[in-house]
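Everything on this sheet refers to the single structure shown next.
The values are calculated or read from the model by the stated rules, or taken from the named source; none is laboratory data. Bear in mind the structure is a predicted one, so any value in this text is a computation, not a measurement. Here the Cβ positions follow ideal geometry from the backbone for every residue, glycine too, while neighbour counts run over all protein chains shown.
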Amino acid sequence: MGGAGWLRVAAAAGCAAVTCALATAMVARRVVAWRRWLRAMAVLRDVEESFATPTERLQRVVNSLAVEMFAGLASEDASKVRMLLTCVDSLPDGSEEGIYYAVDIGGTGFRFLKVQLGPGSTIINQKIERQPVKKELMEGTSEDFFNSIASTLKNFIEREGDEGRALGFTFSFPVRQFSITSGSLIRWTKEFSIEDAIGQDVAQCLNEALERNGLNLKVNALMNNTVGTLALGHYYDEDTIAAVIIGAGTNACYIERNEAITKCQCLLTNSGQTVVNVEWGSFRPPQIPLTPYDICFYNETTNYYDQGFEKMISGVYLGEIARLVFHKMAQESDVFGTDVDGLAIPFILSTPCLAAIREDDSLDLKEVGSILEEQLKIHNVPLKTRRLVQRVCDIITQRAARLAAAGIVAILQKLGRDGTLCGTTRVRSMTGVPKRSAIAIDGCLYKEYSVFREYLNEAVLEILGEEIAATVVLKVVEEGSGMGAALIAATYSSTRNNSI
Ligand code: BGC
């Protein structure tokens, strides 16, 4: 071989070596990327396992909650669920008439309502105004909070005309009621923290603010939002025995026989029954493992290490749980790239965004990509990561919906309507068929998030079985909490009847 030949061989060998080195580097990079992806997948697998709620586990959650409910009826502070007596023993029956106002203070906003009732369960007219609640009011003073409500109500009444005299007040936090028109705030939930209001009579606070604002009006029915929802449900369907809220927060109430309320031996009501506000948000199901995301959450939110059920189910929290999972994935891998500061901001991902991610059914998950860009400032997320994101939102939704379903079945069990003999006596109609049980539901998670609703309905069927599930009707009751407040105001301002 001549000199030129050797040169060609050397050049070819050099090229081969460079190509080989490049290929090795590429393979090494791919291996690293693949390992990182596997780390993200390991987080996913862990989330899948720890958020799992197989039927048998749910059934045990049902039993535990039913036991807590019995304990809460036996004595104060004996249970994680407060089982608060609402002083409501009469529900509207359709005969109410006249014009009523209501103020509904919930998780995300204030609502002001004027409702005109006609005979035969007819709502002739209704006017509703909504106002989002400002963060500074949620954390400020009691006087500012109630003043803001009173002055907005005043403007509303001035615009609407001053005909109505009775005012229903829905206050969606745990309150120990002394009467239908009074009750003291036990604690704030849903990240409200107006410290000086705790222990105060919230109806009186509103009455004083109404007076300061020159309004000649007083609260004549104070209630929880579950109770308002029950009232509206019952107005249209007499088989309504309970109401559930699944929105910013979560809770339920139901109609209980007075003799079952053993902590209050001499409870006398016209109907022999009382509506009990379960306050199930503070239940902590022992069968459901607390994941690192729940624990972290327990530390960083108000009601430290409390409100477990609510923090696993409701709208204030689900988006944040997802954010915590994504943050963990970003720490373990580079699936979100390197610019992931957005993921470190608490509560940056709202639950409506989580719902939109889960419900994106486009092939390229375009909506998921836009939410990651706009809310979390994470750009150009590849499709396989978008799929991962969607899967995480699905898992979180599923656990939440299935736990809410377990809550509903626990109430049925407590009332002996779940087909088992775990509750009180099994409730059957004269023909031996289990009685029809209607449950009124309000709250945006159930109403507006169809995947959540489907998971919940599916789990109720799974736990109860087909025969009993066929006797249970879950009914969406629009604006139940506010409309129901007007209805109860009407019930309690007219001649009382004797039945619930
Ligand atoms: C409150 C309940 C309320 C529920 C739904 C919870 O945080 O403690 O009183 O009914 O939210 O709004």
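For the stretch 135-152, which positions are farther than 23 Å from S282 by Cβ and either outside any helix (DSSP H, G or I) or touching a helix residue (DSSP H, G or I) at 6+ places or on another chain (Cβ under 7 Å) (or both)? If you could, list the steps in order and put the result at the bottom.
Taking the stretch 135-152 as the starting set, the residues that turn out to be farther than 23 Å from S282 by Cβ are 135-137, 140-141, 143-144, 146-152.
Passing the criteria: L137, G140, T141, D144, F146, N147, S148, I149, A150.
Provide a single number: the residues in the stretch 153-194 that are in contact with a Ser or Thr (Cβ under 6 Å, 6 or more places away or on another chain) and farther than 19 Å from I488 by Cβ.
So the answer is 3.
Looking at the stretch 386-397 only, could you name the residues that are without any contact (Cβ under 8 Å) to a residue 60 or more places away in the chain and within 14 Å of D334 (Cα to Cα)? It would help to see each step written out before you state the result.
So in the stretch 386-397, the residues without any contact (Cβ under 8 Å) to a residue 60 or more places away in the chain come out as 386-387, 390, 394.
Matches in the stretch 386-397: R386 only.
Using beta carbons and a limit of 7 Å, which pairs, at least six apart or on different chains, have the first residue in the stretch 366-384 and under 24 Å from W34 (Cα atoms) and touching a residue at least 60 places away in the same chain (Cβ under 8 Å) and the second one basic (K, R) and in a loop (DSSP other than H, G, I, E, B)?
none
Have a look at M329, M312 and point out the one that is within 16 Å of the ligand (Cβ to nearest atom) and either more than 22 Å from the chain's Cα centre (by Cα) or buried (at least 24 other Cβ atoms within 10 Å of the Cβ) (or both).
M312
When residues of the stretch 95-130 are filtered for being touching a strand residue (DSSP E or B) at 6+ places or on another chain (Cβ under 8 Å) and in contact (Cβ under 8 Å) with a residue 40 or more places away in the chain, how many remain?
To start, the set of residues in the stretch 95-130 that are touching a strand residue (DSSP E or B) at 6+ places or on another chain (Cβ under 8 Å) comprises 96-106, 108-118, 123-130.
With the extra rule that they be in contact (Cβ under 8 Å) with a residue 40 or more places away in the chain, the set shrinks to 96-106, 108, 110-115, 117, 123, 126, 128.
Looking only at that region, the number is 22.
Taking the criterion of being within 14 Å of the ligand (Cβ to nearest atom) and within 30 Å of V472 (Cβ to Cβ), would at least one residue in the stretch 194-209 satisfy it?
No.
Just name the residue that is farthest from R176 (Cα to Cα) out of those in the stretch 259-290 that are surrounded by 16 or more Cβ atoms within 10 Å (Cβ to Cβ), more than 19 Å from the chain's Cα centre (by Cα) and hydroxyl-bearing (S, T, Y).
Across the stretch 259-290, the extreme among qualifying residues is S271.
Could you tell me whether any residue of the stretch 437-450 is at pLDDT 95 or above and over 30 Å from G168 (Cα atoms)?
Yes, the stretch 437-450 has at least one match.
For the stretch 255-290, what are the residues that are on the phi < 0 side of the Ramachandran plot, outside any helix (DSSP H, G or I) and within 13 Å of the ligand (Cβ to nearest atom)? Talk me through it step by step, then tell me what you get.
Step one: list which residues in the stretch 255-290 are on the phi < 0 side of the Ramachandran plot, which gives 255-271, 273-278, 280-290.
Then drop every residue that is not outside any helix (DSSP H, G or I), which leaves 255-257, 261-271, 273-278, 283-290.
V275, V276, N277, V278, F283, listed by residue number.
Give the stretch 70-119 a look and list any residue that's among the aliphatic types (A, V, I, L, M) and within 16 Å of the ligand (Cβ to nearest atom), or say none.
Within the stretch 70-119, the subset among the aliphatic types (A, V, I, L, M) is 71, 73-74, 78, 81, 83-85, 88, 91, 99, 102-103, 105, 113, 115, 117.
Within the stretch 70-119, V81, M83, L84, L85, V88, A102, V103, I105 meet the criteria.
Looking only at residues that are within 8 Å of the ligand (Cβ to nearest atom) and small (G, A, S) in the stretch 226-251, which one is surrounded by the fewest Cβ atoms within 10 Å (Cβ to Cβ)?
Once the filter is applied, the top-ranked residue is A248.
Would you check which residues across the stretch 436-462 are crowded, with 18+ Cβ neighbours inside 10 Å and under 17 Å from G419 (Cα atoms) and list them? Break it down into steps so the answer makes sense when it comes.
Quick first cut of the stretch 436-462, residues crowded, with 18+ Cβ neighbours inside 10 Å only: 437-446, 449, 452-453, 455-456, 459-460.
Within the stretch 436-462, S437, A438, I439, A459, V460 qualify.
Can you tell me which residues in the stretch 71-84 are at pLDDT 95 or above and within 21 Å of the chain's Cα centre (by Cα)?
Once the filter is applied, which keeps residues that are at pLDDT 95 or above and within 21 Å of the chain's Cα centre (by Cα), the stretch 71-84 yields V81, R82, M83, L84.
In the stretch 166-209, what count of residues is obtained for those that are out of contact with any strand residue (DSSP E or B) (no Cβ under 8 Å at 6 or more places or on another chain) and either part of a helix (DSSP H, G or I) or of a type outside the set (D, E) (or both)? Give the steps one after another, and end with the answer.
Step one: list which residues in the stretch 166-209 are out of contact with any strand residue (DSSP E or B) (no Cβ under 8 Å at 6 or more places or on another chain), which gives 179, 187-196, 205, 208-209.
Still in the list and also either part of a helix (DSSP H, G or I) or of a type outside the set (D, E) (or both): 179, 187-190, 192-196, 205, 208-209.
Of the residues in the stretch 166-209, 13 are out of contact with any strand residue (DSSP E or B) (no Cβ under 8 Å at 6 or more places or on another chain) and either part of a helix (DSSP H, G or I) or of a type outside the set (D, E) (or both).
Please go through the stretch 307-362 and pick out each residue that is small (G, A, S), more than 14 Å from D294 (Cβ to Cβ) and touching a Lys or Arg at 6+ places or on another chain (Cβ under 6 Å).
Passing the criteria: S333, G342.
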